[in-house]
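Values in this text are rule-based calculations from the coordinates and carry no lab data. Note that the structure is a prediction, hence the values are computed from the model and not measured. All Cβ positions, glycine included, derive from the backbone under ideal geometry; neighbour counts span all protein chains shown.
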Amino acid sequence: MRNKRDYYETLNVSRNADESELKASYRKLALKYHPDRNSGDKESEEKFKEASEAYEVLRDPQKRNIYDQFGHQGLEGSGFSGFSGFEDIFSSFGGIFEEFFGFNSGSRSRSRVQRGADLRYDLTLSFMDAAFGTETEIDLQKMETCASCEGSKCEPDTHPETCRQCNGTGQVSRNQGFFTVRTTCYQCNGNGQTIPHPCTACKGSGQVAIRKKVAVKIPAGVDTGSRLRLTGEGESGIYGGPPGDLYVFIHVEPHKFFERDNTDVICQMEISFVQAALGDTIAVPTLNGKKTLKISKGTQPGHLFRLRGEGIPSLRYGKRGDQIIQILIKTPTHLNKKQEALLKEFAKIESSKLPNKLKNILKNGLDRASN
Ligand SMILES: [Zn+2]
Ligand SMILES: [Zn+2]
């Protein structure tokens, strides 16, 4: 079992800390280790989860009581298992994050905490990089929570105010003939709050456009159509919501010699008709350099040879496919006198080996031979 830290120690509060002390302390830690600000940083992620779990327990008098008496084991015995991930934390603390970021949702149940948008990036890889895997950096443009206002949209040290038009309800009533129509408040767009001093850094939007270099590890065996997910590298969430994810779509460039069929690598090799007839050993380029291939006697055009394990690793299992070599046979074109004489001699022997019936056809033509 993992050794868990003491919850009071995690939140850096005394054992008799009250509700507001706990909250203040958790706020500090949550803002510091929020995944939005530390995307991809495993240590911050752990700290964020640890603090969230400590706060989840200590803010609940019943759980706190059990913990005070029986510690971590007591909680586990009562069925508490902590959080499974960010989504879990945000869905359970959504309201608290709104508060942390300066927006008190009050009694309205509508939560404005939103997960950030997912992003797509198209990455083109060479054939070899896709086969062996690689590490690369991509230049990403995205929206991120404004550092100056921490996403609250308010100039530092100012706060949103309850909308005077709708008294914070987000809706206004209008008389239209006999009816009273309720519509979204035009002053606050239904938020119930207005911002008297919008943050100057982000012009009150709470987000700023940034460019960021993101390191991407490409596993061996990716192919066109493969999709990699980088958790938390999408756009920032709204009002403290979790960030979205980044999806990297892979495109693999063709290779001048190799083709690919799933995990198999296919290539063509040209040999002379003499090599095909007599057999030979030839050198074949593979992904791992040259390998020898034994051409058997009497190899026919189009024959497929297979070099086991010389293909591309499977993304899922890591096992490598094969290299398949298709044989093309070259017909000689510029024969010298001696070669020609030898081939004629060869042909004579070949034809003497033909069955008698076929010899007659060759000599006399089809009509007379059939008689
Ligand atoms: Zn701002
Ligand atoms: Zn309003």
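Some points to look at:
- Long-range HN-HN contacts of G321 with modeled amide H, under 5 Å: G311, I312, S314
- Going by neighbour counts of Cβ atoms within 10 Å, the residues S52, S91, S39 line up, fewest first, as S91, S39, S52.
- In percent, rounded to a whole number, the relative contact order of the chain is 15, using alpha-carbon pairs under 8 Å and six or more apart.
- Gaussian network model of the chain, Cα within-10 Å springs - most flexible of S14, S148, S44: S14
- Computed on segment 259-330, with alpha-carbon pairs under 8 angstrom and 6+ residues apart, the relative contact order is 40 percent.
- Amide hydrogen neighbours beyond the local backbone of G168, cut-off 5 Å, H modeled: C163
- Each Lys and Arg Cβ is given +1 and each Asp and Glu Cβ -1; about its Cα centre, the chain then shows a dipole of about 2180 debye.
- Value of [θ]222 nm, deg cm²/dmol, for the chain, DSSP H segments ≥ 4, -39500 (n - 2.57) each, nearest 500: -9000 deg cm²/dmol
- Cys residues of the chain counted as unpaired, since no other Cys beta-carbon is under 4.7 Å: C154, C267
- Straight-distance crosslink candidates among lysines, where the alpha carbon sits under 19 Å from K212 and sequence neighbours closer than 8 are dropped: K42, K142
- Phi-based couplings in Hz for segment 169-174 (Karplus 6.51, -1.76, 1.60; Gly and Pro marked x): 7, x, 10, 10, 9, 9
- Less than 5 angstrom separates the built amide H of V216 from those of T136, E137, I138, all sequence-distant by 5 or more or on a different chain.
- Spin-label pair C267-S173: with each label point 7 Å from Cα along the Cα-Cβ axis, the two points sit 8.1 nm from one another.
- Helix screen, the chain: DSSP H segments with Cα axial length of 15 Å or more and mean Kyte-Doolittle hydropathy at least -1.0 are 19-33, 86-100, 337-352.
- Largest mean-square fluctuation among F305, F93, F179, in a Gaussian network model of the chain whose springs join Cα atoms under 10 Å apart, belongs to F179.
- Counting 0.36 nm for each residue step from Y247 to K212 and taking away their Cα separation leaves a gain of 11.1 nm.
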